[in-house]
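The values are calculated or read from the model by the stated rules, or taken from the named source; none is laboratory data. Here the structure is a predicted model, which means the values were calculated and not measured. FYI the Cβ positions are ideal-geometry reconstructions off the backbone, even for glycines, and counts take in every protein chain you see. Note: accessible area is taken over every heavy atom of the protein model, side chains too, but ligands, DNA and RNA are not part of it. Shrake-Rupley method; radii C 1.70, N 1.55, O 1.52, S 1.80 Å.
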Amino acid sequence: ENGRYPTQSFATLSFMFKKKKSGGDPAPMQELTVMKGSNVLLGGGGGGDEESPAKRPLTELEKIQREKDALETELKALRKLVDEKALDDIQKTEADSLRDSVTTEVKDDLSSLPSDDGSLTGSGGFNPFASIRHRINRQTAKQFSSRRYKKNLGEKFESFDYDAPDDVSQYHSLKDKKEVQKLEAKKEFFRGLYVVLIGAITGVIAYWMTFAVGRMVTVKWDKTWELLQAGKTMDSYLYYISWTVGCLFLAGLLVVWAPESAGSGIPQVKAYLNGNQVPGILRFKTLIAKVLGITLCVTSGMPAGREGPMVHTGSILAAGLARGYSDYFAWLPNIYTGFDNTRDRRDFVSMGAAAGVAAAFNAPIGGILFSLEEVSSFWSPELTWRTFICAIIAAYTVNIFMASFNGNFNDSGLVLFGHTTEDGGTYETWEIFAFIIVAVLGGLIGAAYVTINEKITVLRKRFWAGMHPAWRIFEAIIYISFLLSLFFWLPMLWECKYDDVTHNGDASHHTGFHGLHPIQYNCADSHYYNELATLLLTPQETTILQLYSRNTHGYFSIFTLAIFTVLFFFSAVTAYGIAVPAGLFIPGMMVGAGMGRLVGELLYTMFGDKIDPGLYALVGASAVLGGITRMTISLTVIMVEISNDINYLLPIMLALAISKAVGDKFTHSLYDVHMDLASIPYLEADPPDVFNSLSAESIMSRKVVMIGVDASVAEIEDALDTHHNAFPVVDKGVSSMNRFFVGLITRENLDGQLQKCRSTGRASIDVSLAMDPSPFIAQSQLSLRRVLRLFRGMGLRHVVVVDSRQRVVGIITRKDFINAPTTVQMAVKDPRFVRATREAMMRMERSTRIKGANANAPVKLKRSNSFVGVL
């Protein structure tokens, strides 16, 4: 049916075969229908004088043999179907995996059938003499767990176990309590030292990154405007675009050297803090490539911000300090390695992420809330105040360096879009409705941003699949050069406008990051400026500041703002995902500020001086950025801190709340989408509703590799040959057939036990000395929602599933949770699954086990019978 393997019982398989006549000539193609579980073969007409198998009764052994033959024929036909037709509704690349799935399922049926003498080959397998209800439930469960329903998770991602047993072995040899106290005091001292170092080093990197960008941008634009004012337009363009090509070429080479440095890095950090081992994101070379790459990308002028990459930078620094040693600088002495474990490293990475935001935006409180709300999956009161200290030190470090160069100390930070009026701003009550309109538009723009970028990213992955990463450098150079060439030449179509706001006498080039900086561009008179060039041919922070400037209504026309917003939206959404380091905070704020300023100017034409378009630019920037990232509390504080205006706290909160609600109606956040595209198994805090209808046994892996308490060398070697990272330890009893749960042992500890066996020459060893005797377990009938809450809340890597007698029946890992919602959603849409499940439900209702039960059917009973509860 539809070129897919029908897994339920009583399914029919139609295929074509050639039947030879008695004379040896092949007959025409005939259709044969094989009914599983039946002794009837219905054939088309023609061919031969042999007696039909349906005309005489068959013995039991003949029935069994006939069913075996049917399954083998089915397997051959399906293999041919997959190989030759490649399944029109499935990509050719998935044909091999489907063929393997089909082969495994049919072989399972063959291996579990009785042998020729009528004896069963395995307990609990496919039994042709079992009840109809058992066979339907078994096949329904098999179809539900079929590989074609499962999400394509990246095999390279493993999980952390944050709840590993406490290692108290270092204290066993300490008889004096004072020695224990000294050890604890030493650990707390180095913990505090690392907190200070993370904040200070992150602040230093943030300042020097901004300093380098400012110097290079000044050199770039000064020469560009000098050539342009001299009438050498083409020379000016070539000089301008040469900076773009050179910077992007170097940034692309850095990404080829360290591929994990591409993008903002926030999705990878978020996945790491959720418990995933994302390879390479915390390496030292990733730090070097990220810092140098984002400096080059911002200098090039591409739509990119350095605020997101600063989060990744702070996280790498924190993880490196937590280790206490370096693989790249092995000659350096170890500082302190007491934090070289998954739990402490996780906390330090959370602090590093907060320090990155604090240093980039001069927003220490916003940095703490960003780490808490957006990237961290685990938090504690102790982590709160340590992150607080780390963020303060990062922000103060930046300001101290700025004071050393500027001559005075202030808290302006690296990015500040402060108000231009002396008194605090105000707004009318009726403007709240205007803020709501801006918020709705921001949510729609954010959802469109995520949707378009997702589709573009998928196309990029398909196009570059199988090609060397170095080829992606040309994508960055060609596409960004095209965008910036458009930015350079498009303002030529705009007429010059008289500058009646600044009257600075020289509007020929940008002079800093704060205030209005009109660009003369193609205007002969220095008192005139080009509107579009003022927005496109300036640093992005300067553009946001100009859009946010107060009491400057009419400085940019409605038409110019509309063109700028649309143009920069498509530029930003297509540029994010190119193989260079780049963030989305500043590009998203530019799109939102342009949209908000546009709405403000429209309202100004209707209501006059009561409207300040700069306020709407701030609200619009918050709304669009919230629609893209879906952050609320942390983004509110960040926007208030960088705007330096508490008067507009409520409009910002209103805009973020509405934009998030609107965006959530259409898509997930951009960070979550990119984690999904990377096949990272991220566990959400809120499980889907279908988890209420499923139990632990619904998604558990039933093929569990178990270790006996007295394990032999051969048993341990067989276990280590698998890809599993933990093994349940069971008591097999006298008969060696039981599987009563005793504990859980990790691969590392099991390998250590194997080495002991080999060194001592013993044939077996008691693994109970190296196992965890009291790990978290789940009863097979426990609701899947509660299992997920236990798994995610405690930061587990494995959960062993036991039955009511404490016998091991399965094990659950992170990928089992990720596959469950997709499996359910796809399975219930499959008419074959629905048909088989409904048959099972009807037969269950007629069975004696539930005749006297509640008429509504107990939820627990439904949940325990092969996913019947799903329907």
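Taking a Cβ cut-off of under 13 Å around residue 427, the surrounding Lys, Arg, Asp and Glu residues balance to a net charge of -3, with basic ones at +1 and acidic ones at -1. The H on the amide N of residue 158, modeled in the peptide plane, is under 5 Å from the matching H of 277, each at least 5 residues off or on a different chain.
Close amide H pairs (under 5 Å, H built 1.01 Å from N) link residue 711 with 765, 767, residues at least 5 positions away or on another chain.
Search the structure for amide H atoms under 5 Å from the amide H of residue 582, placed 1.01 Å from N in the peptide plane, and list their residues when 5 or more places away or on another chain. Close amide H contacts, sequence-distant or interchain: 263, 264.
Just to verify a number: FRET efficiency for residue 179 and residue 633, C-beta to C-beta distance, R0 = 41 Å, to 0.05? Using R0 = 41 Å, I get an efficiency of 0.40. For segment 225-237, 3J(HN,Hα) computed residue by residue from phi via the Karplus equation (6.51, -1.76, 1.60; θ = phi - 60°) reads 6, 4, 5, 5, 5, 7, x, 9, 5, 5, 4, 4, 5 Hz, glycine and proline entered as x.
Figure the gain on full extension for residue 490 and residue 219 (residue separation times 0.36 nm, minus the Cα-Cα span) and round it to one decimal in nm. Before the final figure, lay out the partial values.
Numbers: separation 271, 0.36 × 271 = 97.56 nm, distance 2.28 nm.
Answer, rounded to one decimal: 95.3 nm.
The packing ranking of peptides 792-799, 229-236, 595-602, 394-401, highest mean first, is 595-602, 394-401, 792-799, 229-236, where packing means the average number of other beta carbon atoms within 10 angstrom of each residue.
Take the Cβ-Cβ distance between residue 189 and residue 684 as r, set R0 to 56 Å, and report the resulting FRET efficiency rounded to the nearest 0.05. According to the calculation, E is roughly 0.90. Its Cα gyration tensor gives segment 573-617 an equivalent ellipsoid; the semi-axes, largest first and in whole Å, are 32, 8, 4. Of 660, 182, 285, the order by accessible heavy-atom surface (1.4 Å probe, DNA, RNA and ligands excluded), from most exposed downward, is 182, 660, 285. Of the peptides 576-589, 519-532, 760-773, the order by per-residue mean of other Cβ atoms within 10 Å, starting with the highest, comes out as 576-589, 519-532, 760-773.
The distance between label points at residue 717 and residue 759 comes to 1.9 nm (points 7 Å beyond Cα on the Cα→Cβ vector).
Place a label point 7 angstrom from the Cα of residue 437 along the Cα-to-Cβ direction, then list the residues of segment 599-619 whose backbone nitrogen is under 14 Å away. Only 599-608, 611-613, 616-617 fall inside the zone, counting backbone N under 14 Å. Local charge sum around residue 311 (other residues, Cβ-Cβ under 12 Å, Lys/Arg +1, Asp/Glu -1)? Local charge sum for residue 311: +1. Sequentially through segment 292-307, phi angles give Karplus couplings (6.51, -1.76, 1.60; θ = phi - 60°) of 5, x, 5, 4, 5, 5, 5, 5, 5, x, 5, x, 7, x, 9, 6 Hz, Gly and Pro residues having no value and appearing as x. Using θ = phi - 60° in the Karplus curve 6.51 cos²θ - 1.76 cosθ + 1.60, the 3J(HN,Hα) couplings for segment 461-476 round to 4, 5, 5, 8, 4, x, 9, 5, x, 5, 5, 6, 4, 5, 4, 4 Hz; x is entered for Gly and Pro.
For the set 250, 486, solvent exposure ranked by accessible area (probe 1.4 Å, protein chains only) runs largest to smallest as 250, 486. The label-point distance for residue 285 and residue 253, in a model that sets each label 7 Å from Cα toward Cβ, rounds to 1.5 nm.
Taking all protein chains together, 270, 186 sort by accessible area into 186, 270, largest first [probe 1.4 Å]. The heavy atoms of residue 498 present about 100 square angstrom of accessible area, all protein chains included, probe 1.4 Å. Ligands, DNA and RNA aside, residue 517 has an accessible area near 20 Å² when probed at 1.4 Å. Keeping the other protein chains in place, figure out the carbon and sulfur percent of the accessible area of segment 271-381, with a 1.4 Å probe. Accessible surface attributable to carbon and sulfur in segment 271-381 totals 61 percent.
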